[in-house]
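The structure appears right after this line, and notes come after that.
None of the figures in this text is laboratory data; all of them are computed from the coordinates on show. Computed from a prediction, not measured in an experiment: that's the story for all the values here. Here the Cβ positions follow ideal geometry from the backbone for every residue, glycine too, while neighbour counts run over all protein chains shown.
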Amino acid sequence: MQSIGREVQVRMESLGLDAEELADKSFLELKDVQSIINGEKNVNEIDEFELSLICSVLHCKPEYFFDPSIREKDLLLSSMNRGNDDIKSKDAKIRIQDFINDFTFVSEVLAECD
């Protein structure tokens, strides 16, 4: 049984979120979020839509939780410990990462149109 609870917890901590905030922002029940974090719900039991809501709040793609190489490339995690991180700097990093993801998506769509 593969669990993504640890990775979800680390991501939440890096964004300064707790389980209650994640549940509130993702429109999921707190008990469902806690069961994922605690490893009580394995990957196969997590609804794809629920995972997409969690990823939206945590500013990542589902692959982030499964692939260590994707986590290594994550802007938020790779730039930690370079000075003092506060809410503003984390927010700026997340906005940059979201922009990069959106730009990559648009570039791929445009490349398919050619």
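Per the Kirkwood formula applied to alpha carbons, the range 23-79 shows a radius of gyration over Rh ratio, Rg over Rh, of 0.98. Each other residue within a Cβ distance under 12 Å of GLN34 adds +1 if Lys or Arg and -1 if Asp or Glu, for a net charge of -3. For the range 26-55, GluC sites (Glu not before Pro) are listed when DSSP marks them as loop and at most 12 other Cβ atoms sit within 10 Å of their Cβ; the list is GLU29.
Estimated from helices alone, the mean residue ellipticity of the chain at 222 nm is -20000 deg cm²/dmol (sum of -39500 (n - 2.57) over DSSP H runs with n ≥ 4, per residue).
Under the membrane-span-like helix rule (DSSP H runs whose alpha carbons stretch at least 20 Å along the helix axis, mean Kyte-Doolittle hydropathy -0.5 or higher), the chain yields 87-113.
In summary, the convex hull built on the alpha carbon positions of the chain has an orientation-averaged projected area of 8.1 nm². In debye, nearest 20: dipole of the chain around its Cα centre with unit charges on the Cβ of K, R (+) and D, E (-)? Rounded to the nearest 20 debye, it is 480 debye. Distance between the pseudo-spin-label points of ASN44 and GLU29 (7 Å out from Cα toward the beta carbon): 2.2 nm. Comparing ASP74, ASP86, ASP32 in a Gaussian network model of the chain where C-alpha atoms under 10 Å apart are linked, the largest mean-square fluctuation is found at ASP86. The order of LYS31, LYS61, LYS93, going from fewest to most other C-beta atoms within 10 Å of their C-beta, is LYS31, LYS61, LYS93. Looking at the range 27-114, which chymotrypsin sites (Phe, Trp or Tyr not before Pro) are DSSP coil and have at most 10 other C-beta atoms within 10 Å of their C-beta? Listed in order of number, the matching sites are PHE27.
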